[in-house]
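Q: Please read through the structure below; I'll follow up with questions.
The values are calculated or read from the model by the stated rules, or taken from the named source; none is laboratory data. Given the structure is predicted, the values throughout are model-derived calculations rather than measurements. Here the Cβ is made from the backbone with ideal geometry for all residues, glycine too, and neighbour counts use every protein chain on show.
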There are 2 protein chains.
Amino acid sequence: MPTQSFQPPQRTLMGPGPSDVSARVLLAMAKPTIGHLDPAFVTMMESLKGLLQYAMQTKNTLTLPISAPGSAGMEACFVNLLEPGNKVIICENGVFGGRMKENALRCGAQPIMINDDWGRAVDPNKVEAALNEHPDAKALAFVQAETSTGALSDAQELCALAQKFGVLSIVDSVTALGGTQLQVDAWGIDACYSGSQKCLSCVPGLSPVSFSECAQAVIKGRSSKVQSWFLDMNLIMSYWGTGAKRAYHHTAPINSLYALHESLLMLQAEGLENAWARHSYHHQALRAGLEAMGLRFIVPAAERLPQLNSITVPEGVDEALVRKRLLEDYQLEIGAGLGPLAGKIWRIGLMGYSANKRNVLYCLNSLESVLIDLGVPLSGGAAVKAALAEYAG
Amino acid sequence: MPTQSFQPPQRTLMGPGPSDVSARVLLAMAKPTIGHLDPAFVTMMESLKGLLQYAMQTKNTLTLPISAPGSAGMEACFVNLLEPGNKVIICENGVFGGRMKENALRCGAQPIMINDDWGRAVDPNKVEAALNEHPDAKALAFVQAETSTGALSDAQELCALAQKFGVLSIVDSVTALGGTQLQVDAWGIDACYSGSQKCLSCVPGLSPVSFSECAQAVIKGRSSKVQSWFLDMNLIMSYWGTGAKRAYHHTAPINSLYALHESLLMLQAEGLENAWARHSYHHQALRAGLEAMGLRFIVPAAERLPQLNSITVPEGVDEALVRKRLLEDYQLEIGAGLGPLAGKIWRIGLMGYSANKRNVLYCLNSLESVLIDLGVPLSGGAAVKAALAEYAG
């Protein structure tokens, strides 16, 4: 058995998340633990809710972090809004649309699947056709920012369709929040979930969610109990809800919530629009450098997430070896492909605190060096030069 | 909106959890975040599993922390082991037996309830009678350490009954683990869950669980899918399981797992038996001091948890005011009663890092001072004197 404390290496995190966490957030988390019903903690919870409402651009009272990772946030949306037999239209253009289907099935709901190619945005025409074909659908669910491919779908347009047809919208904004425009109220999103470890650059383990008034009414008016006790928003509301009296539901992850509070303060200080612009700015430099190496993006430019760059692995290159060399020699993490894209792409994240010039240049240089070392015919320094030219405008 | 970092007060945590977290654990958590598939992280996961197996006294391969609080650990046990229509015998002698019933119902299972008085251990005779009466039961579920009352039930005897009748045992050891004897293998426990924030004195938000070979076979042989995707052990196994290849399931709460690893290292260094003895040792001193103040325990001595001391509020005393004064003037948190015990008892925790002489004496002195100030006829200093006499043996 081990007897030594674990000493994690100091990585540069440019995979699909977690992203680099700032010392400010790490130290906020290391502050003394207090009780989950402590009045001081309750004050922090209220502050956290306000900051989250800002980040998600919503006035929804039911806006809070679920005490578990993003996949629990997804499950919270599905188990609270769907009941057995309900029909839900689900758009699948990557791993996470498929996970939505799994969630719907496990709720006893009936998923109607719309498929788009991996690496492409969700096609609103197909969505409209499905809504026409299934007037009895209760909800439309889609992934705004597909972490498995780097495709950005038009959440505004898709939610407008949901509203037009009178169905609830469930939006996966795990990789979007803080990195790309997200307007919960203006777009009329009914249920939205995200993750702490992407563009918020907080530690992993929390899932911000927000439910519209309409979604809240659906949850309160259910004919069956929510199948998950832990994720039952009717019960969670009584702890996170307004009002002086807080009912104990579960013990909140106190210190992780300190961290989320701190990361949201940093986002507020920067300003949401500035954060979105920063992600685009560094993405353009990274893109220029990657293209200078002849690496191709799998997502068309107009549908591309700045914070997640999926590029094809050059012919004949052992992609796993490249990632291994980057990790071991450069302490740099980039992501592999998932599902049908496994072995075919790399996913380079530029999320939150990781979206900065140092990381962009370091990543380009390191990747170029490894590729040259493995025999890919590239001229050293070209990638960084292209990125710097892009930065110089 | 707030613009200031949250500065939690420095409390002394002697409620029902979270307990005081050591600086060593807090700082372990503040180490740099790395990826959930990083080989360095995978090494840490293996080490963590070994430490958890030691703490739970088991060789079960499926021993790991669920990425969410104890109530998700409970849910993981129920949703994985039960299928719709299954009969489960549930012992209710406090809040958490009731929560088990809620979980069973939401799985579509049929709970057979056995009730014992709050503040008492589960009666094995009633359990045996129920097992006789329901030969078709699939599982027996009970709470080893009832956090709402401070009652300790005989898990060894109850699990022996489960084995005798050929049913699975599901044991809530949230408040037991690390503070009171728990022998997963020797007692034949099939499924056990706990929490990080009690006698392990880690930050809240993780739930260690362990499943026996028999339980694993039941999970693998289910005829229906586990209703929770997030808590499906078939999927979680593929991430936490042995073997070089780890399949991504969800993003693990990296930094919280650093903290758990560190707290388990501390438990290992102390030695399990020593930790159990330490909890009893300080409990006896606290008990002597509380009794010197005329405060009565609601649990008979033979059924008492050393780490959770439930005492009746003296006649005419405003219990909430006492807790408020302790928190505001002494920065000391103790717990209130839950459910039918609300307003009637205080719950004083002596868990993990909080179970030490300084805390015992500080708590006694502070409580005595507040009670005297509120007009309770006590002689100042008597409580500490009684505790010191007990310490002196």
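Q: Quick one: would you say A:MET74 is at the interface with chain B (Cβ under 9 Å from one of its Cβ atoms), closer than 30 Å to B:ILE334 by Cα and crowded, with 22+ Cβ neighbours inside 10 Å? Write out each step before concluding.
A: Values: at the interface with chain B (Cβ under 9 Å from one of its Cβ atoms): yes; closer than 30 Å to B:ILE334 by Cα: no; crowded, with 22+ Cβ neighbours inside 10 Å: yes.
When the stated conditions are applied, A:MET74 does not pass them.
Q: Right, next: So in region A:23-44, with the set limited to residues that are under 24 Å from the mean Cα position of the chain (by Cα) and surrounded by fewer than 18 Cβ atoms within 10 Å (Cβ to Cβ), which one is nearest to B:ALA336 (Cα to Cα)? Walk me through how you get there before you give the answer.
A: So in region A:23-44, the residues under 24 Å from the mean Cα position of the chain (by Cα) come out as A:23-29, A:44.
Now drop any that are not surrounded by fewer than 18 Cβ atoms within 10 Å (Cβ to Cβ), which leaves A:23-24, A:27.
Numbers: A:ALA23: 36, A:ARG24: 35, A:LEU27: 31 Å.
The qualifying residue nearest to B:ALA336 (Cα to Cα) is A:LEU27.
Q: Moving to a separate point now. If you take just the helices (runs of 4 or more DSSP H) that sit entirely in region A:152-241, which of them hold at least 3 residues that are in contact (Cβ under 8 Å) with a residue 24 or more places away in the chain and more than 26 Å from A:ASP117 (Cβ to Cβ)?
A: Values: elements: A:155-164, A:213-220, A:233-240.
Hits in region A:152-241: A:213-220, A:233-240.
Q: Do we have B:ASP190 as charged (D, E, K, R), in the same structural domain as B:SER47 (by TED's automatic domain parsing), in contact with a strand residue (DSSP E or B) (Cβ under 6 Å, 6 or more places away or on another chain) and within 16 Å of B:GLN53 (Cβ to Cβ) here? Break it down into steps so the answer makes sense when it comes.
A: On the way: charged (D, E, K, R): yes; in the same structural domain as B:SER47 (by TED's automatic domain parsing): yes; in contact with a strand residue (DSSP E or B) (Cβ under 6 Å, 6 or more places away or on another chain): yes; within 16 Å of B:GLN53 (Cβ to Cβ): yes.
Yes: the conditions hold for B:ASP190.
Q: For region B:37-91, give me each residue that is closer than 25 Å to A:GLY17 by Cα, among the aliphatic types (A, V, I, L, M) and in a helix (DSSP H, G or I).
A: B:ALA40, B:VAL42, B:MET44, B:MET45, B:LEU48, B:ALA72
Q: Something else now. Consider B:TRP229 carefully, then state whether it is more than 10 Å from chain A (Cβ to nearest Cβ), closer than 24 Å to A:LEU338 by Cα and not aliphatic (A, V, I, L, M). Full working, then the answer.
A: Working: more than 10 Å from chain A (Cβ to nearest Cβ): no; closer than 24 Å to A:LEU338 by Cα: yes; not aliphatic (A, V, I, L, M): yes.
So B:TRP229 fails the test.
Q: Those residues that are surrounded by 20 or more Cβ atoms within 10 Å (Cβ to Cβ) and either more than 14 Å from every other protein chain (Cβ to nearest Cβ) or of a type outside the set (S, T, N, Q) (or both), I need them from region A:254-271; list them, please.
A: Of all residues in region A:254-271, those surrounded by 20 or more Cβ atoms within 10 Å (Cβ to Cβ) come to A:254-267.
The answer is A:ILE254, A:LEU257, A:TYR258, A:ALA259, A:LEU260, A:HIS261, A:GLU262, A:LEU264, A:LEU265, A:MET266, A:LEU267.
Q: Could you check A:VAL218 against (1) among the β-branched types (Val, Ile, Thr); (2) over 21 Å from the mean Cα position of the chain (by Cα); (3) surrounded by 24 or more Cβ atoms within 10 Å (Cβ to Cβ) and say which number it fails?
A: (3)
Q: Further question on the same structure: Filter region A:92-119 down to residues that are assigned to a loop (DSSP other than H, G, I, E, B) and not polar (S, T, N, Q) and give me whichever is surrounded by the most Cβ atoms within 10 Å (Cβ to Cβ).
A: Quick first cut of region A:92-119, residues assigned to a loop (DSSP other than H, G, I, E, B) only: A:93-94, A:107-109, A:116-119.
Filter once more, keeping what is not polar (S, T, N, Q): A:94, A:107-109, A:116-119.
Numbers: A:GLY94: 28, A:CYS107: 26, A:GLY108: 15, A:ALA109: 23, A:ASP116: 20, A:ASP117: 12, A:TRP118: 23, A:GLY119: 22.
So, considering only residues that are assigned to a loop (DSSP other than H, G, I, E, B) and not polar (S, T, N, Q), the one surrounded by the most Cβ atoms within 10 Å (Cβ to Cβ) is A:GLY94.
Q: Are any of the residues in region B:34-46 more than 7 Å from every other protein chain (Cβ to nearest Cβ) and in contact with a strand residue (DSSP E or B) (Cβ under 9 Å, 6 or more places away or on another chain)?
A: Yes, region B:34-46 has at least one match.
Q: Please find, within region B:277-305, the residue that is nearest to the other protein chains (Cβ to nearest Cβ) out of those that are surrounded by fewer than 19 Cβ atoms within 10 Å (Cβ to Cβ) and not in a helix (DSSP H, G or I).
A: B:PHE297
Q: Going by what's in this entry, would B:SER19 be described as without any contact (Cβ under 8 Å) to a residue 24 or more places away in the chain and in a loop (DSSP other than H, G, I, E, B)? Give the derivation first.
A: Details: without any contact (Cβ under 8 Å) to a residue 24 or more places away in the chain: no; in a loop (DSSP other than H, G, I, E, B): yes.
No, not satisfied.
Q: Consider A:GLY50 carefully, then state whether it is in contact with an Asp or Glu (Cβ under 7 Å, 6 or more places away or on another chain) and either touching a residue at least 12 places away in the same chain (Cβ under 8 Å) or within 7 Å of chain B (Cβ to nearest Cβ) (or both).
A: Working: in contact with an Asp or Glu (Cβ under 7 Å, 6 or more places away or on another chain): no; either touching a residue at least 12 places away in the same chain (Cβ under 8 Å) or within 7 Å of chain B (Cβ to nearest Cβ) (or both): yes.
In short, no.
Q: Checking the structure you have, find out if any residue of region A:77-90 is free of Cβ contacts under 8 Å to residues at least 60 places away in the same chain, surrounded by fewer than 23 Cβ atoms within 10 Å (Cβ to Cβ), within 11 Å of chain B (Cβ to nearest Cβ) and not hydroxyl-bearing (Ser, Thr, Tyr).
A: no
Okay, residues lined up against (1) more than 19 Å from A:LEU231 (Cβ to Cβ); (2) under 22 Å from the mean Cα position of the chain (by Cα):
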{"site": "A:GLN53", "(1), (2)": "yes, yes"}
{"site": "A:SER71", "(1), (2)": "no, yes"}
{"site": "A:GLU83", "(1), (2)": "no, no"}
{"site": "A:GLN110", "(1), (2)": "yes, no"}
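Q: Across region A:99-110, what is the number of residues that are free of Cβ contacts under 8 Å to residues at least 24 places away in the same chain and away from chain B (no Cβ under 11 Å)?
A: 0
Q: For region B:23-33, name all the residues that are at the interface with chain A (Cβ under 7 Å from one of its Cβ atoms) and in contact (Cβ under 8 Å) with a residue 40 or more places away in the chain.
A: In the first step, residues of region B:23-33 are kept if they are at the interface with chain A (Cβ under 7 Å from one of its Cβ atoms); the result is B:26-33.
The answer is B:LEU26, B:ALA28, B:MET29, B:ALA30, B:LYS31, B:THR33.
Q: Restricting attention to region B:1-22, which residues are hydroxyl-bearing (Ser, Thr, Tyr) and either more than 8 Å from chain A (Cβ to nearest Cβ) or crowded, with 18+ Cβ neighbours inside 10 Å (or both)?
A: Of the residues in region B:1-22, the ones hydroxyl-bearing (Ser, Thr, Tyr) are B:3, B:5, B:12, B:19, B:22.
Correct list: B:THR12, B:SER19, B:SER22.
Q: Please verify whether A:ASP123 is more than 20 Å from A:VAL209 (Cα to Cα) and buried (at least 17 other Cβ atoms within 10 Å of the Cβ), treating the condition exactly as stated.
A: In short, yes.
Q: Could you tell me whether any residue of region B:46-65 is farther than 26 Å from B:CYS202 by Cα, acidic (Asp, Glu) and either surrounded by fewer than 24 Cβ atoms within 10 Å (Cβ to Cβ) or modelled with pLDDT under 95 (or both)? Show your work before the answer.
A: Step one: list which residues in region B:46-65 are farther than 26 Å from B:CYS202 by Cα, which gives none.
No, because not a single residue in region B:46-65 is farther than 26 Å from B:CYS202 by Cα, acidic (Asp, Glu) and either surrounded by fewer than 24 Cβ atoms within 10 Å (Cβ to Cβ) or modelled with pLDDT under 95 (or both).
Q: Only one residue in A:GLY205, A:GLY221, A:GLY188 is closer than 29 Å to A:ARG278 by Cβ and away from every other protein chain (no Cβ under 14 Å). Which one?
A: Values: A:GLY205 fails: away from every other protein chain (no Cβ under 14 Å); A:GLY221 fails: closer than 29 Å to A:ARG278 by Cβ.
The match here is A:GLY188.
Q: Given A:ASN309, A:ASN274, which one is surrounded by fewer than 21 Cβ atoms within 10 Å (Cβ to Cβ) and more than 14 Å from chain B (Cβ to nearest Cβ)?
A: Details: A:ASN309 fails: surrounded by fewer than 21 Cβ atoms within 10 Å (Cβ to Cβ).
Result: A:ASN274 is the single residue among A:ASN309, A:ASN274 that is surrounded by fewer than 21 Cβ atoms within 10 Å (Cβ to Cβ) and more than 14 Å from chain B (Cβ to nearest Cβ).
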